[in-house]
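Step one of this worksheet: look at the structure below.
The values are calculated or read from the model by the stated rules, or taken from the named source; none is laboratory data. Bear in mind that the values here come from a model prediction, so they are computed numbers and not experimental data. Neighbour counts run over all protein chains shown; Cβ positions are idealised from the backbone, glycine included.
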Amino acid sequence: MRLLLIEDDPLIGDMIKDHLHDECYAVDWLRDGSHAELALQICAYDLLVLDLGLPGKTGMEILHATRLSGQNLPVMIISGHHTKSARIEALDAGADGYLVKPFDLDELEARIRALLRRGSSRTSSTITHGSLTLNLTSHEITFRGHLVKLPRRQFSVLRALLDEPGCVVSKRQIEEKLYCWDTEVQSNTVDAHIYQLRKKFGSKFIETLRGVGYKVRLLS
């Protein structure tokens with residue numbers, strides 16, 4: 001999952017990015033609201049974490065512009081404005097959640113999981129595909145009754161494939177879920193992750209459609 005974080009406080013932004021990175025999210029971080037519109041145009045994000053008090057363009061301006069453009073991107077507001085009127089204004093303008101600073105990072109991540117579940121019509125924090133189960137909270141994987149441990153990026157590739165099982169996912173789409181702006185991507189990185197997943201779950205688990213992408217098959 002790839003998130004856009006817009007937060008001008010370097011300490012808060014760094015803590016949020018590091019925490020979400022550890023939770024298997026790719027995070028692009030902007031400190032100035034004036035660059036938000038371009039970022040949202042050029043990248044396909046799964047969720048926006050948005051501070052209200054920003055230089056260049058305020059969080060409310062970004063929120064209004066996002067909704068006027070027709071984007072249904074989930075938006076999680078993080079703000080030092082704790083008044084009821086501020087929360088109501090943001091939620092009425094199209095925000096999907098509002099968290100007052102200071103907040104617990106685990107709570108922020110739980111709210112993000114809830115918004116992503118809502119967007120995918122998923123009712124729980126697990127993805128089950130045949131005999132394979134991913135727990136999106138603990139990042140534990142169970143396969144045929146056994147616990148399987150995966151590195152962070154292999155877990156993210158598997159999640160990207162299982163978000164729409166049976167559908168073809170292109171290499172570009174997987175890369176967009178895995179890597180943020182400051183990460184250099186090697187041309188064969190996704191192929192290497194796919195190879196490792198096949199070693200763990202079987203050579204026929206992931207089908208390659210040459211020139212198109214990958215899709216997962218149902219495991220018994």
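Only one of (1) surrounded by 21 or more Cβ atoms within 10 Å (Cβ to Cβ); (2) within 21 Å of ARG111 (Cα to Cα) fails for LEU73. Which number is that? Exception for LEU73: condition (1).
Does LYS177 count as in contact with a helix residue (DSSP H, G or I) (Cβ under 6 Å, 6 or more places away or on another chain) and at pLDDT below 85? Yes, satisfied.
If the condition is being touching a residue at least 60 places away in the same chain (Cβ under 8 Å) and either out of contact with any helix residue (DSSP H, G or I) (no Cβ under 8 Å at 6 or more places or on another chain) or of a type in the set (D, E, K, R) (or both), then region 187-220 contributes PHE201, LEU218, SER220. Out of GLY94, GLY70, one residue alone is modelled with pLDDT of 90 or more, in a loop (DSSP other than H, G, I, E, B) and either among the polar types (S, T, N, Q) or within 21 Å of the chain's Cα centre (by Cα) (or both). It is GLY94.
Only one of the numbered conditions (1) hydrophobic (A, V, I, L, M, F, W, C); (2) buried (at least 18 other Cβ atoms within 10 Å of the Cβ); (3) within 14 Å of the chain's Cα centre (by Cα) is violated by ALA114, and that is (2).
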